[in-house]
Each structure stands twice: as C-alpha cells, then as structure tokens.
Amino acid sequence: MKKLVATLHLLISPILIGQTKDLLIEAESFSNHGGWKLDTQFIREMGSPYLLAHGLGTPVVDATTTIEVKESGSYQLFARTKDWVARWNAEGQPGRFQIIVNGKTLETTFGSKGAKWHWQDGGKITLKKGKNSISLRDLTGFNGRCDAIYLTSRDDTPPNDSAILPGWRRQLLGITEKPLEKKYDLVVIGGGYSGMGAAISASRMGCKVALIQDRPVLGGNGSSEVRVWAKGNIRRGKYPRIGEIIEEIADKAKKSPGTYEEFEDAKKERIVRAEKNIDLQLYHHAFKVEKKGNKISAVQAFDVRTGQVTRFSGTLFVEATGHGTIGFLAGADHEMTPTGRMGMSNMWAWGNDKKEVSYPRTPWALDLNMADFPYPRDFHGQWFWESGYDKDPLGDAEGIRDWNLRAVFGAFNAMKNRDGADKHKNSKLTWVAYVGGPRESRRLLGDVVLNEQDIVSKRDFPDGCVPSTWSIDLHYPKKQYAQKFPDNPFISYAVHGKGVDRSYGYPVPYRCFYSRNIENLFMAGRCVSVTHEALGTVRVMKTCGMMGEVVGRAASIGVRHDCTPREVYASHLPELIELLKLPGKARRSTVNDPINIPSDALPLAGSHGAQSGLLPSRFPGIVLDDKKAKLEGKWGRGQGLKPYFGYGYLYGSDPKGSATFSFKVPKTGKFDVRITYQPHENRGRSVPVQVKAGKDARELTIDMTRKPPNEHGFYSLGTLDLKEGEEVTIRLSANGAKGNVHVDAAQLLPVD
C-alpha cells in the first residue's frame, strides 16, 4: 500500500481558467455526469475518484462540461484511463470511449490500451478563446473509465508516478488554500450501519458529531448501491434497548439483492439530518490523520466533487470505514488474515421483457457456459457471487471488483448468447452492483480480541453488550464452480458454525470497540477487535449498527468526563450500562443536560427480542407462552409459521423431547383446555399429548400437519370441571410423533 497517502490529488470546479496553456480537467468535476457513475471506492488505491460508464451493455449518456481559456491555441490532449481487462489478456476492450471537443470527436478511442492507469495520448486539438465544451462518450456500456483530461501546449507526457502525480496536479490546478476548519466532540468516518448508529447515538446523548461518508448515500453495504439486506437480530440479550436506533434506519428488503426502493436511502439520510447535533458530510473522502502523541487530533477529508479539503478536529473518533483505514493511518495495532479471507461480492438482477432483447457478446468476460455458475432462478445473482479470497482487498480492490464484473457479464452472456439462449430470448440485465460489497480486510485490535471459543463457550465478559445472533458464517470458494478459475473462484458457499445463541445472542464486549494503542479511537463494524472466525458472526449489518449505538453512548461519557474509551470501561462502566438501558430515542441537548424520553419511544423488548407475535395478556383466561413450558430433550426455535405467541415457537423430533405447561386453576368452574400450533408438512402426524388435572388424566394424539379448527391456531383438548387451586398440566411429547412437534402456547379458558 505504498500509495495510501501519496496518490491523493485534489479537484477543481468544472469551469477552468487557464493561467498557462496547461489545463487539467478532473472527470469527477464535470458539470453534468450524464449516465456516468462517480466511483469513489478506489481512491486510496489508484489516487482519485473517477467516472465509470456502467451501462450493463448499453452505452450511457454523455458526461459534459465547459472549460474557459484566455486565448485560442493548439493543445495536446491526454486522458488518464486504462483498458480494464488487459491485465488478464482478455480479448476485446470493453471500456472504450471517445472524447468530443467543441462538437468534434477525436480520432483516438480511449480505454483501449494499458493494463494500468496511465495517460493515453489523444492527439492535437484546437481550443478557442472563451468557453469550450468537452464530452465523454461511452461506446459500450461496459465500464469504461476516465480519471482526468490534460491539455498542454508542450510535448511532454504528464507524470504517472505516484510520488510525483499528486503534487503536480495540485500545482497545475493552483490549489493552495488552507483546509476549512471544523471542530466536534466526535468525528465518525464511514456512513454504513455502524457509522450511522454511532453518529445518531452520540448526537442524541448530546455530542456534536461529524459524520463523514465518501459516497452520495448512507448505508454502506446496506445501501441501494450494494443491496445487502440487514441481518442480525436486534433488541435482545442483556440490554434489549440496543438496536432501537437500528430499527429506525434498517431496510426491510425481502431479498438480497432487493430493489432500489427497499433500501430506502432517502429515509436513512432523512433520519440522520433530523439530528441537529450531526453535521453530515456526504461525498467526503478522509485521507489524512493528524496525531498528538497516541491520540488523533484531526482527520482531513476532501469533497470528491470539488476538491475542497476540510480539517475535522475532535475529542474522540470512530473508525467505521470497514477497512480500518483511519486506524491504519493513525498507527493502530491491526491484523489481517493473510489468505482464505471472505471476499467481495457484486450482486446482480435480471428480468424478462415482453419482447425479445439482444445482449452484446462479451469475449472479454469470463468464458462461461450455463454449467459454470448457479442459475439465478429468482432473477437475482445473490451474495455468493463473491471473489478475492486470496487477493489483496486493500491494494487491488478494483481488480477484485472488475473480476466480479467479468463473472457477471460472462454468466449473462451464457444465458443470452450460448447454451442458455433459447430460454432467455426476452431476458435483460436490470441491475449490477458496481460498488463492491467487501466482507473482510483489516481488523483493529482492542483490549479484548474476541475469538470463536469465547462465543461458543459463552464466555461472560463484564462489559458484554452487543448481541451477536448470526451464526459463525464463513465463506469459501465452492469447488463445483472453482475448477475452471482456480486462481480466483467467483462463487462461494457458507459454512455456518454452531454454538451461537441465535435468539438471545452472544454479548460482544465493549472492549472490542476501541483501539488498544490509539487512545481516543473507537471502532465499529467489521474492523472491530475479533479473530477471522469470530468475524463470521459479528459482521452482519444490524449487529455492526448496534456496535455503533454502544460506541455513541460511550463517546458521550468520554466527552462528559474528558476520558478515553478505555477509561469509560475502567472507571465509568456502570454509567455506560445505565445509558444502554435507555430507549434509542432518549436524548439530551448536551452531555451534561438531563435525559428526556419522548412519548414515541419503543416499548421495551424482552431478552429474546421484540415481541413480534401475539400477546398472551390480550387473550381470555390464562395463556402460557412456550417460554413458560418445562422442556426436556432438544428443541429448535422458529418464527416462520405465523401467527405465533410471544417471540416464536419451539419445534423438535428428539424422542426424549417433551414440553410441559403447568396451570393453577384461578376459580372453580368448567374450563376448555387448549394448545396452539401451526400446521406444516413436516409436523408430527401423531403427536402424543397428555392432560392431567388432579388424579384424572387423558391422552390424545394430534395430527399437526392439519390446520387447527380454531382461530390463532387453538386446538381444544377437551373441557374439564376444575377446582380453585388445582394444578393442570399439558405435556406434549416427541416420542412417536412421526414428525416435528410444534410447541407455541397453552390456554386455560373459562367456559360460561
């Protein structure tokens, strides 16, 4: 990563006034991007944002701008670009584009040569005095890219050396202004779920917060750009208020990838902007860290559209970039699994039109037939379109993304132009993610480095707080599809380890959320202090967001007591625990003001989550949820069959398994004794049920594949004459059930 800082360059406005006959026009500063996308994800790698013609095989609308020169003359034109498939010696040049100056198309076709970013010579042009128009015209729709255009009256080629290029660009653009200065209590870098959670949580606890995000939208992997649905259970465990903020911002996507609308970018931004204590800085790339001793004093970021640099100084900082970039620049202790990491995904979607749709042949894409990839039967290329397990996720992220694109376009070529052609005449690509969804890179080290054994053994840390409910989910190349491309397979499979309590959750300790050697640095998200294996359970969106919530509240304590994140644990842990018990919407104006709880605060969830099912208290008689049953044997927990009472239901087929409900009769009278279940083809066809009341006992068998006769799944076991204080038990057994026994609730209903 030699170019981490050196390759930064600054931008200028779309209208340039040439003091000399050398002009530099940054593509990202074009006044109208047309159909080209502003790609900011590889700035640290190649030195710049750039424009990307991501048209799914259809050329995108021109990007246009106007420049102004003081006198007419002849100029040599260069464009910084590359042939993005040349590194693989692929046939064809899918990233071709043209440059049009004052309505005249240059003879050179750009993006047609060079495996690395370089200045491609475009020949001589003539500029007139005053305003001149420049356009980028995509020729393919297949991810052509342009970084900058250089116009010179001299014969020399512009520099491409990473040690020289940034200074050359700044000098040429005449950028000498000092950065804007802003000061905050907390500076959060990264606008994904973890960064949003931290910013909202801290602001509501009275901190003045900067939230810095290099993309135009919030959400990170959970935005419309990447479309990974929000997973990980929230509002449960030791502190079931944690997750209420994430409940406000989380998407409700039914699939991954879902639709643009399901990811609700506008909602996320609206909720963040509603917080008066948050200064949201979209389109800002953080590139420099300033330190005093072992503390960060400021982070510098530039607007990727204009080049304006802002210096964000603060008391405390949150690393939420995913890659641990700010921590790395600050010198934080860190590690990265050398090989066999989880990779990056670029998901995609397709649909069927009413008429036949053509698709260009893609000889430069991966050479695929239908047997080389899993057929996307639900019209979605899902999470398992993933590669880069042994590639550099920091220094060659662009290469991993581009390989993923070659896989997607090659697969669709097989569907349209090869052995899938007869079936897909009307099929068309509708969306392909050009922003990659990375899963693993750097992890910053805290006072606790959580490992798999800690989680499986349920090691009890005094500061355990964030409930991690996702299984230890690690991804590996799928052998079936890896044979053709063993150097970089592009289809993965998931191995879900056992041992995570997916209902209550394993409480991840707070000490995983701050750096052990950078004294004022928090971290939240997939860069926290865990091992590769433990990352498999904590890395999902909602869990990362809850880390942010905890960090935000801890930051308010740090500001209030002028202490470090470590001192929050050492000296103020009881205060942090009290804050974690507050509703997500609790707020105060400053860290020293009283805390107010608004009337629209969410109701307190139970230790196993927000009660999503029917409330027993709203039904007549006595209704006992399955959590009140005495259990023997092995049982699973589910929520898929609805309606259910409380937090879900139990199911199991262990011959030693039984569930017993016990009632105390409230008054003498006649009662209907009932259970509830929901039918399914895998439920028991002869479930043994025993009812005891005093010395009387009756036994029944129930076919749980059939729908119960009463509303809400109630099934009557018969009526009994009972005496006040008498005990009634209902025992469901899995022995001989011929399928899964469904245990949800039991009821003692008075009969008039």
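None of the figures in this text is laboratory data; all of them are computed from the coordinates on show. Small disclaimer: the values here were computed from a predicted structure and weren't measured. Methodologically, a virtual Cβ is constructed for each residue, glycine included, from the backbone with ideal geometry; neighbour enumeration extends over all protein chains shown.
Observations, loosely collected:
- The angle separating the long axis of helix 541-561 from the principal Cα axis of greatest extent in the chain is about 80 degrees.
- Annotation: peptides 150-161, 637-648, ranked by per-residue average of other Cβ atoms within 10 Å with the highest first, follow the order 637-648, 150-161.
- Cα-based shape type of region 200-345, given that a ≥ b ≥ c are square roots of the gyration tensor eigenvalues and the cut on a/c is 1.5: rounded
- Residue separation of Glu711 and Lys178 scaled by 0.36 nm, minus their Cα-Cα distance, works out to 184.8 nm of gained length.
- Among the listed pairs Lys498/Lys656; Lys104/Lys129; Lys542/Lys581; Lys498/Lys707; Lys255/Lys642, those whose Cα-Cα separation exceeds 27 Å are Lys498/Lys707.
- Computed label-point distance, nm, for sites Phe461 and Tyr476 using a 7 Å Cα→Cβ extension: 2.7 nm
- As a proxy for reagent exposure, Thr590, Thr81 were ordered by neighbouring Cβ count within 10 angstrom, fewest first; the result is Thr590, Thr81.
- Length, then width, then depth: along the principal axes, the Cα atoms of region 344-438 run 43, 22, 20 Å.
- Net charge, Gly388 excluded, C-beta distance under 12 Å - Lys, Arg +1, Asp, Glu -1: -4
- Whole-angstrom Cα spans of region 616-750 along principal axes, big to small: 39, 30, 24
- A prolate overall shape is assigned to the chain, the ratio a/c of its alpha-carbon gyration tensor axes (a ≥ b ≥ c) being 1.5 or greater and a/b exceeding b/c.
- Within the shell of other residues whose beta carbon sits under 13 angstrom from the beta carbon of Gly55, the net charge comes to +3, with Lys and Arg scored +1 and Asp and Glu -1.
- The label point for Thr105 and the one for Trp168, both projected 7 Å from the Cα toward the Cβ, are 3.0 nm apart.
- Cβ-defined net charge surrounding Pro616, 14 Å radius [Lys, Arg +1; Asp, Glu -1]: +1
- Cα-based reach from Lys695 at 19 Å (exclusive), listing aspartates and glutamates while leaving out same-chain residues under 8 positions away: Asp672, Asp721, Glu724, Glu726, Glu727
- Each distinct pair of alpha carbons in region 484-549 adds a 1/r term; the inverse of their mean, the Kirkwood radius, is 14.0 Å.
- Backbone N under 12 Å from the Asn592 label point (7 Å along Cα→Cβ), restricted to region 275-293: none
- For the chain, the longest principal axis of the C-alpha atoms and the axis of helix 565-580 are separated by about 50°.
- Straight-line cross-link reach from Lys630 at under 14 Å between alpha-carbon atoms covers these aspartates and glutamates, not counting any fewer than eight positions away in the same chain: Asp744.
- Cβ crowding within 10 Å, taken as a proxy for footprinting-reagent exposure, orders Val408, Val751 from fewest neighbours to most as Val751, Val408.
- Each residue of region 723-737 was assigned a 3J(HN,Hα) from its phi angle through the Karplus curve 6.51 cos²θ - 1.76 cosθ + 1.60 (θ = phi - 60°); the sequence is 10, 4, x, 5, 9, 10, 10, 10, 10, 9, 10, 8, 6, x, 6 Hz, with glycine and proline shown as x.
- Cα radius of gyration and Dmax for region 498-625 (Å): 17.6, 59
- Computed about its Cα centre, the charge dipole of the chain is approximately 620 debye, with only Lys, Arg, Asp and Glu carrying charge at their Cβ.
- Eligible aspartates and glutamates near Lys124 by straight Cα distance, threshold 20 Å, same-chain separation 8 or greater: Asp22, Glu26, Glu68, Glu71, Glu107, Asp147, Asp155, Asp156
- Shape summary of region 253-411, radius of gyration then Dmax from alpha carbon positions: 20.6, 66 Å.
- If R0 is taken as 30 Å, the Cβ-Cβ distance between Asp419 and Lys113 corresponds to a FRET efficiency of 0.35.
- Two-decimal Rg/Rh across region 428-580, once Rg and the Kirkwood Rh are taken from alpha-carbon atoms: 1.06
- Estimated [θ] at 222 nm from DSSP helical runs (n ≥ 4, -39500 (n - 2.57)) normalised by residues in the chain, nearest 500: -4500 deg cm²/dmol
- Counted by neighbouring Cβ atoms within 10 Å, the residues Tyr677, Tyr434, Tyr375, Tyr75 run from fewest to most as Tyr375, Tyr434, Tyr75, Tyr677.
- Convex hull volume per residue in cubic angstrom - Cα atoms of region 23-173: 110 Å³
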